[in-house]
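Values quoted throughout were computed directly from the atomic coordinates according to the rules given, and no laboratory measurement underlies them. Since we're looking at a predicted model, the values are computed, not measured. Using ideal geometry, Cβ is built from the backbone for each residue, glycine included, and neighbour counts are taken over all protein chains shown.
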Number of protein chains: 2
Amino acid sequence: MPRVVELAGGVGGAKLADGLQAVLGPDLTVIVNTGDDFVRHGLTIWPDHDTVAYTLAGLDDAERGWGLADETWHVMDALARLGEDPWFRLGDRDLATHLWRTDRLREGWRPTEVARQLQARIGVTATVLPMTDSEVRTEIGTDEGWLEFQEYFVHRHQTPEVREVRFRGVETAAPTAEVVAAIEAADLVVIGPSNPIVSIGPILAIPGLTDLLAKARRAGTPIVAVSGIVGGRALKGPADRMLTSLGREATAAGVAALLAPHLDGFALDTIDADLEPEIAHLGLRTFATDTIMSDDDARARVARETIAFAESLRRPASVPSAS
Amino acid sequence: MPRVVELAGGVGGAKLADGLQAVLGPDLTVIVNTGDDFVRHGLTIWPDHDTVAYTLAGLDDAERGWGLADETWHVMDALARLGEDPWFRLGDRDLATHLWRTDRLREGWRPTEVARQLQARIGVTATVLPMTDSEVRTEIGTDEGWLEFQEYFVHRHQTPEVREVRFRGVETAAPTAEVVAAIEAADLVVIGPSNPIVSIGPILAIPGLTDLLAKARRAGTPIVAVSGIVGGRALKGPADRMLTSLGREATAAGVAALLAPHLDGFALDTIDADLEPEIAHLGLRTFATDTIMSDDDARARVARETIAFAESLRRPASVPSAS
């Protein structure tokens with residue numbers, strides 16, 4: 001099995017990760033965005049990590065799209081009775097994860113250690129790595145000023161127009177040793193069908209990360225992305241509106257244009273096949289398939305097809321010309 | 001209605017408070033021990049305050065003796081599944097209280113403000129005041145060294161022999177302005193049937209507090225205590241064993257001896273009526289009644305009788321002799 005690294009945000013990235021794990025087992029490493037992480041009620045919450053880890057453990061609530069299946073809401077309901085507005089709904093079982101994590105971080109564990117230990121305890125076969133152990137916080141510039149990501153995303157239901165995006169703290173962040181090793185060891189890298197701006201963006205913004213990807217490509221590791229925009233609509237979340245308001249094209253081609261510098265190939269949905277020439281024009285190979293991962297079989301199929309597509313792009317490592 | 005101040009710890013003090021509130025309504029102020037307070041999972045937990053406040057709001061679980069009625073345990077069960085040992089069981093609804101409180105404290109509210117606001121939100125008629133806004137932590141000296149109170153009380157099930165008790169931080173603690181005003185305004189002060197060493201002890205150890213009580217007595221305010229030891233047994237908790245291992249008598253008379261310097265009178269159970277002469281010998285008036293507060297009627301009856309007993313001890317304020 002090839003060793004595959006996926007860069008991922010939440011739901012879309014998690015579905016592809018689930019398919020990749022079904023095919024690859026422990027040969028999959030997912031590097032997750034931590035820019036959405038935040039603290040609420042003093043608890044450290046990692047939305048993207050947990051969505052991916054819960055999905056890979058088979059514990060996710062597929063219908064709701066976040067959190068755990070068979071969840072209850074007694075704590076939040078009681079908070080509401082105390083007069084609070086629990087706009088960030090944390091399920092009872094999910095809260096246990098946050099309590100456990102916050103305890104470990106308070107004890108001085110590195111986020112990567114906390115993540116790996118949590119994955120072991122809930123039964124994740126693959127490896128899920130936070131993109132960095134440093135604090136990076138995605139902030140959304142709107143007409144009403146800068147909003148913390150979750151304020152924009154959950155509390156304000158993504159309604160404010162997005163004028164600008166920044167990743168506070170990213171300048172001094174570094175990829176972890178585990179992230180570096182995973183990319184260096186990868187046979188293929190897949191950028192998942194996650195929001196290219198606020199899910200993939202923070203990962204690529206970590207100093208040194210795009211250099212690591214470039215070095216891997218030079219060493220013969222193909223890098224492909226899977227579009228999270230299908231028929232001009234984000235499958236989940238505000239990526240389409242965000243692309244538009246930031247002056248980008250809200251299409252698979254718009255995503256491809258954003259990520260092109262880092263890619264060899266781009267997978268998109270068959271309904272967007274008419275965009276293939278435009279994407280090819282960016283210098284990318286393309287592959288069109290049914291990218292809707294509605295069930296386990298579809299996830300595994302898209303995973304297998306993405307792996308095969310990437311494998312087909314493998315070139316011999318470029319040898320520096322003797323001079 | 002007389003304005004009554006009760007000094008209280010957890011369950012026993014809460015039952016009497018409940019009876020007093022039924023009789024007095026808003027004319028009751030309960031000053032609660034904060035020495036048992038602690039931080040778990042980053043959440044600030046106030047066992048005695050919450051037992052009293054939940055009881056006064058009619059939300060307590062009478063059978064369990066702590067926490068809320070109709071409680072669920074999803075968070076703790078999920079923590080256990082993560083491999084943790086949740087020896088301090090926090091119910092789901094109870095957790096909401098701790099989350100809410102911890103948020104307010106983090107925002108910089110004084111503990112007294114947090115307490116009063118919480119009471120307003122859950123519907124407490126009386127006033128419940130933390131004994132201090134400073135951090136005081138009861139610690140138990142055992143043959144195995146010093147243990148934090150909850151470590152001794154909950155985790156170790158009160159099994160280690162108690163050699164010594166200390167209240168860390170009490171030297172620099174001060175009674176709050178609210179506590180001072182309540183004692184100054186009180187027509188009667190009642191020391192509830194709580195553990196005299198670890199529930200009442202910390203309150204009396206606050207610098208200036210016994211002086212406030214002495215000043216109130218000089219001004220004509222009777223102070224009485226109700227025994228929490230009945231027939232040589234603590235009604236709840238380890239007070240009996242603690243008294244013995246600290247070289248005290250584990251009887252109502254032993255409690256009376258401990259508290260005598262601050263008291264005019266001492267109420268005890270009729271089954272301990274044979275101890276009345278011994279207690280009278282301490283200079284205290286006594287009153288024997290059925291002190292077991294098994295239901296609302298019994299609570300109100302003990303409250304009424306305790307108020308009447310204290311009223312009967314009222315003396316004219318001592319007038320400094322003109323010189």
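Give me the percent of Cα-Cα pairs in the range A:162-265 that sit more than 23 Å apart, rounded to a whole number.
29 percent
Any idea what angle helix A:11-24 forms with the longest principal axis of chain A, computed on alpha-carbon atoms, 0 to 90 degrees, nearest 10?
So the inclination is approximately 60 degrees.
If R0 is 35 Å, what FRET efficiency do you get for residue A:297 and residue A:219 from their C-beta distance, rounded to 0.05?
Rounded to the nearest 0.05, the efficiency is 0.55.
Suppose only helical runs count, i.e. DSSP H with n ≥ 4. What mean residue ellipticity at 222 nm does that imply for chain A under -39500 (n - 2.57) per run, divided by all residues and rounded to the nearest 500 deg cm²/dmol?
Rounded to the nearest 500, the figure is -11000 deg cm²/dmol.
Can you list which of the GluC sites (Glu not before Pro) found in the range A:54-126 are DSSP loop residues with at most 12 other C-beta atoms within 10 Å?
In loop regions of the range A:54-126 (DSSP not H, G, I, E or B), the sparsely surrounded GluC sites (Glu not before Pro) are A:63, A:107.
Cα to Cα, under 19 Å, and not fewer than 8 places away if on the same chain: which lysines meet these conditions relative to residue B:236?
B:15
Run through the DSSP bridge list for chain A and note the antiparallel percent, rounded to the nearest 5.
40 percent
Give me the net charge of residue B:194's neighbourhood, meaning all other residues with Cβ under 14 Å from the Cβ of residue B:194; Lys, Arg count +1, Asp, Glu -1.
-3
Subtracting the Cα-Cα distance from 0.36 nm times the residue separation, let me have the gained length for residue A:135 to residue A:245 in nm, one decimal.
So the extension gain works out to 36.9 nm.
Order these by the 10 Å Cβ neighbour count, fewest first: B:153, A:309, B:266.
Listing B:153, A:309, B:266 from fewest to most nearby Cβ atoms yields B:153, A:309, B:266.
I'd like the mean, over residues of B:67-79, of how many other protein chain beta carbons sit within 10 Å of each residue's own Cβ.
Averaged over the peptide's residues, the number is 5.
Suppose we keep just the DSSP beta bridges with both residues in the protein assembly as shown; what percent of those would be antiparallel, to 5?
Bridges in the protein assembly as shown are about 40 percent antiparallel.
So if R0 is 45 Å, what FRET efficiency would residue B:156 and residue A:280 give, r being the distance between their Cβ atoms, rounded to the nearest 0.05?
So, using R0 = 45 Å, E works out to roughly 0.05.
Using a simple charge model, +1 on the beta-carbon of Lys and Arg, -1 on the beta-carbon of Asp and Glu, nothing else, what dipole does chain B show about its Cα centre, in debye to the nearest 20?
740 debye
Suppose we keep just the DSSP beta bridges with both residues in the range A:174-279; what percent of those would be antiparallel, to 5?
Roughly 25 percent of the DSSP beta bridges within the range A:174-279 come out antiparallel.
Shape verdict for the range A:119-181, please, from the Cα gyration tensor: rounded (a/c under 1.5), prolate (a/b greater than b/c) or oblate.
Judged from the Cα gyration tensor, the range A:119-181 comes out oblate (a/c at least 1.5, b/c at or above a/b).
Of all chymotrypsin sites (Phe, Trp or Tyr not before Pro) in the range B:39-108, which ones are in loop regions per DSSP and have a Cβ with at most 13 other Cβ atoms within 10 Å?
B:87
Taking the Cα centre of the range B:10-162 as origin, sum charge times position over the Cβ atoms of Lys and Arg (+1) and Asp and Glu (-1), and report the length of that vector in debye to the nearest 20.
With Lys and Arg at +1 and Asp and Glu at -1, about 480 debye.
Given 10 °C and 1.306 mPa s, how large is the Stokes-Einstein diffusion coefficient of chain A in µm²/s, with Rh as the Kirkwood radius over Cα pairs?
D = 80 µm²/s.
Please determine, in degrees from 0 to 90 and to the nearest 10, the orientation of helix B:111-122 with respect to the longest principal axis defined by the Cα atoms of chain B, where the helix direction is its Cα long axis.
Tilt relative to chain B: about 80 degrees.
Provide the gained length on full extension for the span residue A:271 to residue A:304, in nm with one decimal, where the gain is 0.36 nm per separating residue minus the Cα-Cα distance.
Between residue A:271 and residue A:304, full extension yields 9.9 nm more.
If you take the Cα Rg of the protein assembly as shown and divide it by 2.2 N^0.38 Å, with N the number of residues, what do you get?
That ratio works out to 1.25.
Could you work out how far the C-alpha centroid of the range B:302-318 sits from that of the range B:186-251, in angstrom?
Between the Cα centre of the range B:302-318 and that of the range B:186-251, the gap is 17 Å.
With a 10 Å cut-off between alpha carbons and a GNM built on chain A, which of A:303, A:267, A:181 moves the most?
Greatest mean-square fluctuation among the candidates belongs to A:181.
Could you tell me whether the range A:1-156 comes out rounded, prolate or oblate from its Cα gyration tensor? Rule is a ≥ b ≥ c as square roots of the eigenvalues, rounded for a/c under 1.5, then prolate if a/b exceeds b/c, otherwise oblate.
It comes out prolate by the Cα gyration axes.
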